[in-house]
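Colleague: Can you keep this structure in mind? I'll have questions shortly.
The values are calculated or read from the model by the stated rules, or taken from the named source; none is laboratory data. All of these numbers come straight from a predicted model, not from anything done at the bench. Cβ: placed from backbone, ideal geometry, glycine included. Neighbour counts: every protein chain shown.
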Amino acid sequence: MAYDPILFSIPEAFESRRLLIRAPILDDGIKVNEAIRESIDDLLPWMPWAKTMPTPEESEANIRKARLKFLERSDMRLLILLKENGKLIGSSGLHNIDWKVRRFEIGYWVRSSFGGQGYITEAVEAITNFAIHELQANRVEIRCDSKNIRSYRVAERLGFTLEGIIRNEELSVDGSLRDTMVFSKVRGVEF
Ligand SMILES: CC(C)(COP(=O)(O)OP(=O)(O)OC[C@H]1O[C@@H](n2cnc3c(N)ncnc32)[C@H](O)[C@@H]1OP(=O)(O)O)[C@@H](O)C(=O)NCCC(=O)NCCS
């Protein structure tokens, strides 16, 4: 019988040492919009969606759609908040999900004033463990522009294996051709 991922019981929140990592809920859009506004100059070179600063209403609509997708298990946005005060310090998630293969790709960005403190490394480690233990992942992937040094350092720091660099794979935000680094951890090798 065909199975439907919407029936899977999946926790909506989990913690690491300093962070609360959770699915989006109603009204998160305002917090996300503030974080994007503060970080737009750092996001612009790497994130196609950051070409135009969204309005708070657009961010709220985006959050509500992300919640719907989380519930149908088609894409799992995960917001990153500080446990000590609830401040939203970045966003991540499990994307390009293949439930039959149990393959997940982790994406991430940090709120600029919270960069350089290991928060994203900590979040990606916790999300990788969540994928392995709660979602029975067979493959967890990180893809990034080969010029995005800060991004590929996160994958390296966490012991992801660089499988290869796909040349001229797509266009960068500035329209130039980009090479994409593909990192992964797979069951039976890295975990
Ligand atoms: C990619 C991105 C999230 C990386 O942010 P970051 O702040 O470098 O990542 P972390 O939060 O893991 O912090 C790591 C840095 O903190 C330092 N650090 C301090 N305390 C640390 C700790 N406890 N653990 C790990 N690192 C720590 C590390 O040394 C590292 O600094 P370094 O690179 O100068 O050595 C950020 O550059 C970003 O948002 N870029 C724009 C969006 C983007 O490109 N997303 C990825 C698309 S593929």
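Colleague: Taking the stretch 127-157 as the search range and keeping residues that are under 23 Å from Met47 (Cα atoms) and away from the ligand (no atom under 12 Å from the Cβ), which one is surrounded by the most Cβ atoms within 10 Å (Cβ to Cβ)?
Modeller: Among residues in the stretch 127-157 that are under 23 Å from Met47 (Cα atoms) and away from the ligand (no atom under 12 Å from the Cβ), the one surrounded by the most Cβ atoms within 10 Å (Cβ to Cβ) is Val140.
Colleague: Out of all the residues in the stretch 69-97, which are in contact (Cβ under 8 Å) with a residue 12 or more places away in the chain and part of a helix (DSSP H, G or I)?
Modeller: Hits for the stretch 69-97 are Phe70, Leu71, Glu72.
Colleague: Quick test for you: out of Glu156, Glu125, pick the one residue that is within 20 Å of Asp179 (Cα to Cα), at pLDDT 95 or above and not in a loop (DSSP other than H, G, I, E, B).
Modeller: None of the others qualify; the one that does is Glu156.
Colleague: Checking the structure you have, find out if any residue of the stretch 104-124 is surrounded by 16 or more Cβ atoms within 10 Å (Cβ to Cβ), among the basic types (Lys, Arg) and within 16 Å of the ligand (Cβ to nearest atom).
Modeller: yes
Colleague: Please give the number of the condition Ala50 fails out of (1) out of contact with any Leu (no Cβ under 6 Å at 6 or more places or on another chain); (2) over 25 Å from Asn85 (Cα atoms); (3) touching a residue at least 12 places away in the same chain (Cβ under 8 Å).
Modeller: (1)
Colleague: Here's a follow-up. Could you pull out the residue among Ile30, Ile25, Ile40, Ile36 that is surrounded by 17 or more Cβ atoms within 10 Å (Cβ to Cβ) and on the phi < 0 side of the Ramachandran plot?
Modeller: Just one listed residue meets the conditions, Ile36.
Colleague: Would you mention how many residues in the stretch 85-103 are within 15 Å of the ligand (Cβ to nearest atom) and surrounded by fewer than 16 Cβ atoms within 10 Å (Cβ to Cβ)?
Modeller: 2
Colleague: Would you be able to say whether some residue in the stretch 158-165 is out of contact with any Pro (no Cβ under 7 Å at 6 or more places or on another chain), within 18 Å of Tyr108 (Cβ to Cβ) and within 11 Å of the ligand (Cβ to nearest atom)?
Modeller: Among the residues of the stretch 158-165, at least one is out of contact with any Pro (no Cβ under 7 Å at 6 or more places or on another chain), within 18 Å of Tyr108 (Cβ to Cβ) and within 11 Å of the ligand (Cβ to nearest atom), which makes the answer yes.
Colleague: Next question. Quick one: Leu26 ticks every box in (1) within 18 Å of Ile142 (Cα to Cα); (2) away from the ligand (no atom under 16 Å from the Cβ); (3) part of a loop (DSSP other than H, G, I, E, B) bar one, so which box is it?
Modeller: In the conditions (1) within 18 Å of Ile142 (Cα to Cα); (2) away from the ligand (no atom under 16 Å from the Cβ); (3) part of a loop (DSSP other than H, G, I, E, B), Leu26 misses (1) alone.
Colleague: Kindly evaluate Ser59 against the criterion of being of a type in the set (S, T, N, Q), surrounded by 15 or more Cβ atoms within 10 Å (Cβ to Cβ) and in contact with a Gly (Cβ under 6 Å, 6 or more places away or on another chain).
Modeller: So Ser59 fits the description; yes.
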